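Notes follow once the structure below has been shown.
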Amino acid sequence: MPITSTSSWVPTINEILISWGAVDGSLGTLNAVVLTNNYRYIDLNNHRDELVALFTEIENLDNLRQLACAERDIFKAGLRERVTQLRSGMYAFVPVASYYNSMPKLPAFSQNESSFLRALDDAASLWDRVNSDTIAGFTGPLKLVGGYLHETFLTDIAALRASFYSVTKAESEAQRARQMRDDLFNQIYPRLKQYRDAVVAKFPAGSPFIDTLPVLKTTQFSTPNAVVLSGMWDPASQKGKLAWAPSEHNALASYSLRSCIGTKYTTANEFVVAQIDKEEVEYLTLSGLAAAGSSALFRLYVVTNEGNERGSNTVKITRA
């Protein structure tokens with residue numbers, strides 16, 4: 001299997017290890033393949049194990065990051081609703097026009113952390129002033145739907161701040177693990193190439209060890225064409241809906257739906273949402289779409305029987 005994506009590294013290394021083990025068995029212990037700096041079969045095996053451990057860590061960190069983002073978005077949606085209620089409550093129950101000039105603006109869901117929290121702090125400050133001031137025709141405290149109080153609003157803002165921190169921490173830890181993975185890629189790949197050269201140097205042309213050497217890179221011919229992906233929020237199912245025309249590749253194995261957290265899609269940070277049967281042409285998901293206003297980026301990969309793949313255009317879905 002050629003290396004076409006992060007998920008193909010371990011299978012390719014396993015193929016090299018199988019080949020290397022057979023070659024060493026044929027050559028004998030004294031003539032076993034030893035690369036530069038005394039790099040041997042056991043060293044590649046250890047590097048493979050390190051890589052597997054990093055993949056597991058990244059998957060766990062991505063899960064934590066998705067949970068943190070979902071919690072943050074739920075808090076954001078709830079607090080935006082409270083700001084809307086506060087604005088209505090001010091107009092309805094506080095009969096002093098001077099307060100209206102200080103009316104808090106409703107923060108856009110997509111605003112960054114500091115801007116979003118600043119708008120909430122402004123709302124909390126005005127609410128506190130209304131409760132504290134003596135206002136003719138108004139008896140405080142001002143309560144929102146369900147008897148929601150200013151004190152609860154402050155508690156929820158604090159929870160949102162903690163949630164923002166959790167997202168930042170999860171993203172930082174996931175990025176660190178990915179950097180460690182990429183550094184390991186850079187250490188391993190030259191060794192895979194060296195091993196192939198070593199086999200060619202040790203065996204004559206036509207040897208089965210040469211003819212069965214694992215391929216490291218795919219050819220342009222074997223890489224499938226990408227599909228064109230479309231996506232939208234589907235009110236009927238209350239999920240994000242993705243659709244595509246079927247791939248015409250004759251060795252199509254499946255589709256891989258992937259997503260990326262943030263405002264820009266990067267393959268280094270993508271994670272798998274679902275493996276989809278090759279007969280399917282649409283998929284419903286809530287991945288990254290925890291609350292109204294949540295947005296997620298998606299790509300659909302065509303995957304062939306040989307493990308070659310190509311990703312589609314990026315689609316952004318925002319939950320209504």
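The values are calculated or read from the model by the stated rules, or taken from the named source; none is laboratory data. On a predicted model such as this, the values are computed, not experimentally measured, just so you know. Counting neighbours? That spans all protein chains shown, and the Cβs are built from the backbone with ideal geometry, glycine included.
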Report task. Could you please let me know if Glu279 is among the charged types (D, E, K, R), more than 23 Å from Thr12 (Cα to Cα) and in a loop (DSSP other than H, G, I, E, B)? Result -> yes
Report summary line: With criteria (1) touching a residue at least 40 places away in the same chain (Cβ under 8 Å); (2) farther than 30 Å from Asp277 by Cα; (3) in a loop (DSSP other than H, G, I, E, B); (4) out of contact with any helix residue (DSSP H, G or I) (no Cβ under 6 Å at 6 or more places or on another chain), Gln187 comes up short on (3)
Query raised in the report: Which of the residues that make up segment 201-246 are of a type in the set (A, V, I, L, M, F, W, C), modelled with pLDDT of 95 or more, closer than 21 Å to Val23 by Cβ and exposed (fewer than 14 other Cβ atoms within 10 Å of the Cβ)?
Result: Ala201
Query - Qualifying positions in segment 288-297 - surrounded by 20 or more Cβ atoms within 10 Å (Cβ to Cβ) and closer than 16 Å to Glu71 by Cβ - result: Gly288, Leu289, Ala290, Ser294, Ala296
Report task. Count, please, the residues in segment 131-173 that happen to be within 38 Å of the chain's Cα centre (by Cα) and on the phi < 0 side of the Ramachandran plot. Result -> 28
Query raised in the report: For Ser312, which of the numbered conditions (1) touching a strand residue (DSSP E or B) at 6+ places or on another chain (Cβ under 7 Å); (2) of a type in the set (Gly, Ala, Ser); (3) surrounded by fewer than 20 Cβ atoms within 10 Å (Cβ to Cβ); (4) over 21 Å from Glu171 (Cα atoms) fails to hold?
Result: (3)
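Have a look at Thr285, Thr318, Thr266 and point out the one that is within 26 Å of Gln238 (Cβ to Cβ), hydroxyl-bearing (Ser, Thr, Tyr) and surrounded by fewer than 17 Cβ atoms within 10 Å (Cβ to Cβ). Give the steps one after another, and end with the answer.
On the way: Thr285 fails: surrounded by fewer than 17 Cβ atoms within 10 Å (Cβ to Cβ); Thr266 fails: within 26 Å of Gln238 (Cβ to Cβ).
From the options Thr285, Thr318, Thr266, the qualifying one is Thr318.
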Query - Every residue from segment 297-310 that is modelled with pLDDT under 95 and touching a helix residue (DSSP H, G or I) at 6+ places or on another chain (Cβ under 9 Å) - result: Thr304, Glu306, Gly307, Asn308, Glu309
Query - Neighbours by Cβ (under 8 Å, 6+ apart or cross-chain): first from segment 3-18, free of Cβ contacts under 8 Å to residues at least 60 places away in the same chain; second of a type in the set (S, T, N, Q) - result: Leu17/Asn45
Requested in this report: Quickly run through segment 45-69 and pick out the residues that are over 17 Å from Ser7 (Cα atoms), buried (at least 19 other Cβ atoms within 10 Å of the Cβ) and of a type in the set (A, V, I, L, M, F, W, C).
Outcome: Ala68, Cys69
**Report entry** Failed condition for Phe271, given (1) surrounded by 14 or more Cβ atoms within 10 Å (Cβ to Cβ); (2) out of contact with any helix residue (DSSP H, G or I) (no Cβ under 7 Å at 6 or more places or on another chain); (3) touching a residue at least 60 places away in the same chain (Cβ under 8 Å)
**Finding:** (2)
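If the requirement is being hydroxyl-bearing (Ser, Thr, Tyr), at pLDDT 95 or above and out of contact with any Asp or Glu (no Cβ under 7 Å at 6 or more places or on another chain), which of these qualifies: Thr134, Thr152?
One residue alone meets the criteria, Thr152.
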Report task. Could you list all residues from segment 117-136 that are farther than 13 Å from Met90 by Cβ, part of a loop (DSSP other than H, G, I, E, B) and not aliphatic (A, V, I, L, M)? Result -> Thr134
